[in-house]
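The values are calculated or read from the model by the stated rules, or taken from the named source; none is laboratory data. The structure displayed is predicted, hence computed values, not measured ones. Glycine gets a Cβ as well: all are built from the backbone with ideal geometry, and neighbour counts include every protein chain shown.
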Amino acid sequence: MARTLTRPAPWRIYPRSGTLRAVSPQPDARVNDFHDLSLLLRSRFPIITVDTHEESRLLELLARACNLEQWPLYRWNIADGLRAHAGTTPDPHTEGAETRELETTLRLIERSMSVGVYALMDAHALLQSPACLRLVKQIALDHERRARTLVFVGHGVELPEELRRLSARLSLSLPDLERLKAILREEVAAWERGPRLAKLRGEAAAVHQLLQQLVGCAEPEARRRIRHAIRDDGMLTREDVHRLLQARHETLGQAGALSLELDAASLDEVAGLSNLKHWLERRRPVFQDPASRLDPPRGVLLLGVQGSGKSLACKAIAGAWGLPLLRFDMGALFSKWIGETEKNLRDALKSAEALAPCVLWLDEIEKALAPDGEDQGVGRRVLGTLLTWMSERRARVFVAATANDISALPPELLRKGRFDEIFFVDLPDAAARAAIFRIHLKRRELDPARFGLEALAQAAEGFSGAEIEQAVVGALYEAAALQRPLDDALLSAELERTRPLSVVMAERIESLRAWARERTVPA
């Protein structure tokens, strides 16, 4: 099994409180990268894998480490073949040979009597060849006699099973928030020294969100994104944050399963749900502070009647916390090919983690996870993959799931630890119905003070938020047809014509309420 080199987080005791808190890494974590790489080389691992886009940075680290030990360093890629790195004397066994083919290169390395470190770029994709696989294994097994270290470099580096026990994995550190702030300062200073000689303007909240969304990016990408945002119009605004999120989402290539929702709502647009709002307000500071010693909130499940505002509440969580909202269409994951559905799910979850901190919205989750006897067990495997991720994830991804039918949900999803809390979203009471009328009238540039909201709320007893909105829309159509302004009479008539779900599906809704009464928290 491949070893993964990890460094324990440093800790500090605060004397007054006696609390133990993790200390943020030093601004330049590249010192640790050099130490870790040197340690792996000196530990004589025959194979090292490095999953990174930063080839030039890795080669720089390798060159420094090899110079200290006076080891020769060679690099290979399929375009240029095997070449001695700057400062290394060419190996006479490989100099002048045609080495663009990986198998030829490995044979030359295997025959070479010289100690050396070989950085192989994107070579892992070519190890399906039995000959290449065998040659790599022979070089690794002979490492104690002739120390030739193979460093596989690329994105998504995965070695065949038989090579993993001979290998170690290194992950280059990504810039933390302090390093990103330093990059921002450098780019701002460079722009202000430019031909315009102007001062950069920016919104403090937008700058904070921009930096938060760059956490997890490699330094060259972060620098390019910051430079693009600055040089577009000389300002840093929420529009730059939206463009950054859209660009990162497209780069991750998950347009099928994950969609980035840019129209996040605010909690003011959600009527009622006072318990949920209070719960979110209490946990917002912890989720937004990576250095907090408290465990970050993991997610909520909103169970309730259709049209009661569960989806709007999910959007409002993202808006209230200033986070990107990713809508996860689990139906888009399923494929007819064996194993492809589970892979799609893992890729989508990995993409969500790459955009952290964020809110992951699983709408009507029961439709994707309900058992199906004709899917050859795919549904169970998808459920298992999702549950494992929900329990073990470390990235700050807050899961906001909604469900209408509790009977279709697997019991494993409901146990404590999957979600922090399960909230029941019932039909709105009179005060909430009046607030819903107010929200939808204002949204259509109508003055709510002109309407008898209390009387309308009483007339709309048993209506969901979605049904009230449609009543407003229907009354507006009627007013347009009659060429008269909207008034209470038109709204009341539209309510009278509507048969809400509380009447059409009364037994089912009462059953849902009975189940939720002792098992959930009223929203």
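Within this structure, GLY194 passes the test of being small (Gly, Ala, Ser), outside the structural domain of LEU37 (by TED's automatic domain parsing), surrounded by fewer than 17 Cβ atoms within 10 Å (Cβ to Cβ) and not in a helix (DSSP H, G or I). Looking across region 312-327, the residues that are of a type in the set (A, V, I, L, M, F, W, C) and under 17 Å from ALA354 (Cα atoms) come down to ALA318, LEU323, LEU325, LEU326. The set of residues in region 483-523 that are surrounded by fewer than 13 Cβ atoms within 10 Å (Cβ to Cβ) and assigned to a helix (DSSP H, G or I) comprises ALA489, GLU496, ARG497, VAL503, VAL504, ALA506, GLU507, GLU510, ALA514, ARG517.
Confirm whether LEU441 is out of contact with any Leu (no Cβ under 7 Å at 6 or more places or on another chain) and crowded, with 20+ Cβ neighbours inside 10 Å. It is true that LEU441 is out of contact with any Leu (no Cβ under 7 Å at 6 or more places or on another chain) and crowded, with 20+ Cβ neighbours inside 10 Å. ALA408 satisfies every condition listed in (1) under 30 Å from PHE328 (Cβ atoms); (2) among the hydrophobic types (A, V, I, L, M, F, W, C); (3) buried (at least 22 other Cβ atoms within 10 Å of the Cβ) except (3). Note on region 153-186: among residues that are among the hydrophobic types (A, V, I, L, M, F, W, C) and farther than 20 Å from ASP122 by Cα, the one that is surrounded by the fewest Cβ atoms within 10 Å (Cβ to Cβ) is ALA182.
Taking helices (runs of 4 or more DSSP H) as the structural unit, those lying wholly within region 219-316 and holding at least 2 residues that are over 30 Å from SER56 (Cα atoms), touching a residue at least 60 places away in the same chain (Cβ under 8 Å) and not assigned by TED's automatic domain parsing to the domain that holds ARG193 correspond to 274-288. The one condition from (1) under 24 Å from VAL270 (Cα atoms); (2) among the aliphatic types (A, V, I, L, M); (3) at pLDDT 90 or above that ALA479 does not meet is (1).
Among the helices (runs of 4 or more DSSP H) confined to region 420-482, the ones with at least 1 residues that are more than 41 Å from the chain's Cα centre (by Cα) are located at 453-459, 465-482. Yes or no: region 326-340 includes at least one residue that is touching a strand residue (DSSP E or B) at 6+ places or on another chain (Cβ under 8 Å), at pLDDT below 85 and in a loop (DSSP other than H, G, I, E, B). Yes.
Specify which of the listed residues (GLU454, GLU467) is of a type in the set (D, E, K, R), outside the structural domain of SER407 (by TED's automatic domain parsing) and buried (at least 19 other Cβ atoms within 10 Å of the Cβ). Among GLU454, GLU467, only GLU467 is of a type in the set (D, E, K, R), outside the structural domain of SER407 (by TED's automatic domain parsing) and buried (at least 19 other Cβ atoms within 10 Å of the Cβ). Counting the residues of region 281-302 that are of a type in the set (A, V, I, L, M, F, W, C), more than 20 Å from the chain's Cα centre (by Cα) and modelled with pLDDT of 90 or more gives 1.
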